[in-house]
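Novice: Before I ask anything, let me first share the structure, which is written out below as structure tokens.
Derivation of every value follows stated rules applied to the coordinates shown; laboratory data play no part. None of these values were measured; they are calculated from a predicted model. Here the Cβ is made from the backbone with ideal geometry for all residues, glycine too, and neighbour counts use every protein chain on show.
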Amino acid sequence: MESHTQHALFAAVCLLFAVSVSAQSSPQLLLQGRFGGDVDEDTGLGSLPVVFSWPASSVYATFNSTSINATLSALPPTNTSSQYARFAFYLDQTEAAVETITPNDTTIRWGMTGLRSGLHNLTITKLSEASYGEATLESLTVGRGGRFLTPELPTAFESGRRILFLGDSYTVGFGNVGGNTSCNLTMCQLKQTNGNCYPELDSENAAVSWGPITAANLQADYQVIAWSGAGLDTYAGFLPNGSRAYMTGMPDELPETIVPEVATLFGRQVAADNTSMVPADNTTWVPQIVVLAGGTNDFHSAIPPSQEQWTSDNLNFMSQLTEDFGNQMQIILQVFPQELQNQGVLTPNQTSTYLQYMTSLYTAAQLEGMNNLHLLQLSGANLPTANWCVHHPSAAADANIAAQLTAYINRLLPNYATSMYPRAVQV
């Protein structure tokens with residue numbers, strides 16, 4: 001269970017919302033994040049069943065009853081995803097439970113009874129990332145005589161402000177609530193054959209990572225499209241001897257791929273399903289800001305990727321983002337500081353190469369006339385570095401990063417936090 005401080009951080013990203021008086025026997029859901037299933041991304045409304053895949057995604061439901069029950073079932077394991085998933089249940093903005101799916105217990109059946117009469121708001125948030133596992137919200141039911149009501153749009157939805165966060169383990173909150181340097185390294189993913197262990201699920205809380213906190217600061221809707229190990233131009237796969245290695249130059253869709261590239265993940269509706277693609281209709285979920293925070297995992301190898309090829313591939317991806325979302329969309333290339341990278345994810349030499357490539361990418365983009373690209377070099381001067389889990393930022397460090405990013409966006413787009421945008425945009 002997270003500390004009171006972490007609860008407070010999550011409360012900052014919870015979106016309070018009112019309800020209309022339209023009663024229903026089956027729930028109409030308000031969805032924040034990217035989901036599989038019957039979803040209208042213009043309105044954020046959807047109906048059961050929906051697939052919980054991406055980290056920090058939330059389902060909101062409003063009901064009038066003295067009891068509520070929910071059932072979530074794990075998706076089958078894939079070559080890229082196991083069957084672990086962790087969810088927080090909030091009733092009337094107060095944490096009611098944290099439940100976990102495992103390969104030995106693939107269904108969550110959660111419920112509460114004896115509630116006061118009247119309206120209640122239920123929020124279910126996925127705290128873990130897709131590489132651990134995914135799940136389907138199968139059912140929501142209320143007691144006899146109870147009714148679901150149609151949620152009204154909260155401020156972040158009404159404003160039309162939207163931010164897309166693209167990245168890797170730093171973006172999903174990997175280990176951010178681990179609390180110490182060992183963070184209970186006892187759970188090995190079954191799909192791994194080389195003995196690598198990941199932290200326990202309770203060491204990761206995507207809802208208090210820097211992306212959702214930034215979105216809450218700006219009262220913006222958001223999606224977190226990120227995967228631990230993902231590179232901007234590199235993916236991880238199995239070598240013939242069963243060991244894991246980072247590779248370039250081969251398609252991400254090959255069966256042996258276990259960690260896709262960020263650009264590949266961007267196109268997926270359900271994270272671990274390479275056949276589940278985001279609809280080509282770009283009038284759906286269109287952000288005004290894309291924060292591109294990957295790149296670290298491109299530099300694990302002793303020999304870095306070709307800078308010319310790496311730069312070219314990333315310029316092409318940023319051009320794709322602009323084509324998909326329009327010229328008014330702003331891309332922030334977020335570069336993590338040396339103080340963070342030197343905690344152990346990269347060696348000092350690898351960190352120097354990472355910093356050089358990222359700044360050179362920005363220069364190349366400017367020379368090509370990409371005026372919607374901006375470089376944010378995060379400062380490590382006041383970054384909290386105590387109690388990091390597996391060399392990854394803590395929740396306190398995530399809050400520091402969010403404060404820097406929020407300040408940068410407010411300086412870059414002074415009126416953004418008070419502007420209203422149309423829900424559907426033709427690009």
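Novice: First check a/c for the stretch 276-427, with a ≥ b ≥ c the square roots of the eigenvalues of its C-alpha gyration tensor; if it is under 1.5, answer rounded, and if not, answer prolate when a/b is larger than b/c or oblate otherwise.
Specialist: oblate
Novice: Residue by residue, what Karplus-based ³J(HN,Hα) values in Hz, rounded to whole numbers, does the stretch 202-212 have, using 6.51, -1.76 and 1.60 with θ = phi - 60° and x for Gly and Pro?
Specialist: Once rounded to whole Hz, the list reads 6, 8, 10, 9, 5, 5, 10, 7, 5, x, x.
Novice: Something else: Once each part is reduced to its C-alpha centroid, what is the distance from the stretch 137-179 to the stretch 295-368 in angstrom?
Specialist: Their Cα centres are 29 Å away from one another.
Novice: Say the dipole of the stretch 34-164 comes from +1 at the beta carbon of Lys and Arg and -1 at that of Asp and Glu; which of Phe35, Ser47, Ala96 then lies farthest toward its positive end?
Specialist: Towards the positive end, the residue furthest out is Ala96.
Novice: Then there is this: At what distance in nm do the modelled label points of Thr385 and Asn342 sit from each other, each positioned 7 Å from its Cα along Cα→Cβ?
Specialist: 0.6 nm
Novice: When the chain is fully extended, how far beyond the present Cα-Cα distance does Glu323 get from Thr113, taking 0.36 nm per residue of separation?
Specialist: Using 0.36 nm per residue and subtracting the Cα-Cα distance, I get 70.6 nm.
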